[in-house]
Amino acid sequence: MRDKSGSRGCCGWFIALVVLAVVVTAVVLAVKRKDYHKSDELGPVPGPPGAIEKRYSDALKVAVQFFDVQKSGKLTDNKILWRGDSGLKDGSEAKLDLSKGMYDAGDHMKFGFPMAFTATVLSWAILEYGDQMAAVNQLEPAQTSLKWITDFLINAHPSDNVLYVQVGDPVADHNCWNRPEDITEKRPLPQVNTSSPGTDVAAETAAAMASAALVFKSDSEYSNTLLQHAKKLFAFADKYRGSYSESIPEVQSYYNSSGYGDELLWAASWLYHATNDKSYLQFVTGQNGEDYANWGSPTWFSWDNKLAGTQVLLSRLTFFGEKGTSNSGLLRYRKTAEAVICGLIPDSPTATTSRTDSGLIWVSEWNALQHPVASAFLAALYSDYMLTSRTPKISCNGVSYGPSDLRKFAKSQADYVLGNNPMKMSYLVGYGDKYPQFVHHRGASIPADEAPTCKEGWKWLEAEDPNPNVAVGALVGGPFLNETYVDDRNNSMQGEPSTYNSAAIVGLLSSLVTISSAVQSFT
């Protein structure tokens, strides 16, 4: 008969071995978790657009409409009933038709630099997510709005080394409060040329035209026209280097450029995608990359700084294995793009501290929503590149994250904009039950049956009633760092929308409408 005490000892050793095995397993799992943050299974490559997420679909349908609100010129098929024809004589002083294009924000200026950026980002959104836009019937409206801008840009470039970069005098314009249909003040036409260069604005316009040439490739004549303008503008920008805000000092109070190197890289990147001409690839990976790419240093993507966008755009080439593109310069762009993305993921070791308590990326008091929306758009793109290329993870200082981590961040920023915030308010005008009623926007603030002069309209700025017209689709400036918002028409810091914000939110919402595989080539 076995000794009971011996039996207990054997049992004790067995238990000890089990405990040890559990501990070892836990350690191994912990190590694996450190290596792979979410154990993010990639699953199958997404196919065509799948199930539609209604809130993002509904929001996209709203956001796209702000481009119609901002259109200048002879309006065709006008869907904004309180808008009418305006700016019909714009460009006439130079014997040009600059009647189209879009008003920049709540005013009646056409600033070429941010308008071209609007077109580039909108083109990018269409190229990446056109199938998802089409799934909810928003592709055609987006393309129509894009063409409204590119028609203007074509006419603003009447010769190889001349580009008209603005319509209107910002001082005179901001001294008025009236409807765009009632503009009577002079509309001067500043230009950049060989003696007054504007590398930044010319290169951004080249990027807009090159990207749009890809959007409209089914119309070969129009696409080729855009591409020829893009090539000539890039050559002009590169040969005659100088900042447009030095050549035209009056823009410094509105859209001052901090440098032109980023626009040169951005434009060359788009021209490479549009032409497959290796000289543009050599431009971004050679000495100009060394001079301007700022490799290894994450930046914010905005109308003034295109580096983060360029890094993500060039990452496409390494994700999808295009021949001849696996050089060290491109890999440095991708590494820097990953640094940008790592800074956005909330629990990353390198996460930026530039965010509110609720997790919104927050960089600037003025136009606060610009950076979170643009950042989320880049994160969504990178997530889709990873998913489609079967790239399971990126490493952020030793901690790994998968595509779903990036998409979760992108959704968090979109959801904040759409109402998941301490104010419980949508910052996208026309979406949801509660959104800003006193948007800083002249046309929206004045009844459509009124026609006040420049000075007569000021009474509507001060009016206590909400705007009589809804600036549908407007993405307002957004909350303060403490996540408050003052809905006051005089509060332009928080309450003024802009077209370039709209391009970014359209891109972000299009990425979230559903999931489909990334387009592996734009051509």
Within the stretch 289-304, how many residues turn out to be under 24 Å from the mean Cα position of the chain (by Cα) and open to solvent by 10 Å² or more (accessible area, probe 1.4 Å)? 11
For residues in the stretch 383-400 being assigned to a strand (DSSP E or B) and among the polar types (S, T, N, Q), which is most open to solvent (accessible area, probe 1.4 Å)? Ser395
Positions within the stretch 52-90 being within 12 Å of Leu512 (Cβ to Cβ) and aliphatic (A, V, I, L, M), in sequence order: Ile52, Ala59, Leu60, Ala63
Looking at the stretch 63-79 only, could you name the residues that are in a loop (DSSP other than H, G, I, E, B), open to solvent by 10 Å² or more (accessible area, probe 1.4 Å) and not basic (Lys, Arg)? Gln65, Leu75, Thr76, Asp77, Asn78
Residue ID - nearest to Asp58 (Cα to Cα), chosen from residues in the stretch 401-419 that are touching a residue at least 24 places away in the same chain (Cβ under 8 Å) and not in a helix (DSSP H, G or I): Leu418
Matching entry among Asp68, Asp77 (being among the acidic types (Asp, Glu) and modelled with pLDDT under 95): Asp77
Just to be sure, is Met115 within 22 Å of Gly477 (Cβ to Cβ) and touching a Gly at 6+ places or on another chain (Cβ under 9 Å)? yes
Pairing a residue in the stretch 45-59 that is touching a residue at least 60 places away in the same chain (Cβ under 8 Å) with any residue that is open to solvent by 70 Å² or more (accessible area, probe 1.4 Å), where Cβ atoms lie under 8 Å and the two sit 6 or more apart in sequence or on different chains, gives Val45/Arg390; Pro46/Ile515; Pro49/Ile515; Gly50/Ile515
Determine whether Glu246 is surrounded by fewer than 21 Cβ atoms within 10 Å (Cβ to Cβ), modelled with pLDDT of 95 or more and assigned to a helix (DSSP H, G or I). yes
Find the residue count for the stretch 472-486, including only residues that are within 16 Å of the chain's Cα centre (by Cα) and on the phi > 0 side of the Ramachandran plot. 2
Which of the residues spanning the stretch 471-513 are under 27 Å from Ala210 (Cα atoms) and of a type in the set (Val, Ile, Thr)? Thr499, Ile505, Val506, Val513
Check the stretch 250-273 and report whether any residue there is in a loop (DSSP other than H, G, I, E, B), under 13 Å from Val165 (Cβ atoms) and in contact with a Pro (Cβ under 6 Å, 6 or more places away or on another chain). no
Residues to consider are Ala212, Ala206; find the one that is at pLDDT 95 or above, closer than 23 Å to Ser247 by Cβ and either open to solvent by 40 Å² or more (accessible area, probe 1.4 Å) or of a type outside the set (S, T, N, Q) (or both). Ala206
I'd like the full set of residues that are open to solvent by 10 Å² or more (accessible area, probe 1.4 Å) and either closer than 30 Å to Lys239 by Cβ or of a type outside the set (Val, Ile, Thr) (or both), limited to the stretch 131-151. Asp131, Ala134, Ala135, Asn137, Gln138, Leu139, Glu140, Pro141, Gln143, Lys147, Trp148, Asp151
Among the numbered conditions (1) at pLDDT 95 or above; (2) open to solvent by 10 Å² or more (accessible area, probe 1.4 Å); (3) more than 23 Å from the chain's Cα centre (by Cα), tell me where Gly168 comes up short. (2)
Being of a type in the set (Val, Ile, Thr) and within 16 Å of Ile361 (Cα to Cα) narrows it down to one residue among Val472, Val476, Val486; which is it? Val476
Assuming Phe522 fulfils every condition listed in (1) assigned to a loop (DSSP other than H, G, I, E, B); (2) open to solvent by 30 Å² or more (accessible area, probe 1.4 Å); (3) in contact (Cβ under 8 Å) with a residue 40 or more places away in the chain; (4) of a type in the set (Phe, Trp, Tyr) apart from one, which condition is it? (2)
With touching a Lys or Arg at 6+ places or on another chain (Cβ under 9 Å), open to solvent by less than 30 Å² (accessible area, probe 1.4 Å) and under 21 Å from Phe113 (Cβ atoms) as the only criterion, which of Leu271, Leu307 stands out? Leu271
Which number in (1) within 23 Å of Ala368 (Cβ to Cβ); (2) touching a Leu at 6+ places or on another chain (Cβ under 9 Å) marks the one condition that Gly402 misses? (1)
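The values are calculated or read from the model by the stated rules, or taken from the named source; none is laboratory data. All values derive from a computational prediction rather than experimental measurement. With ideal geometry, Cβ positions are generated from the backbone for all residues, glycine too; neighbour counts draw on all protein chains shown. All accessible areas refer to the heavy atoms of the entire protein, side chains included, with ligands and DNA or RNA removed. Shrake-Rupley method; radii C 1.70, N 1.55, O 1.52, S 1.80 Å.
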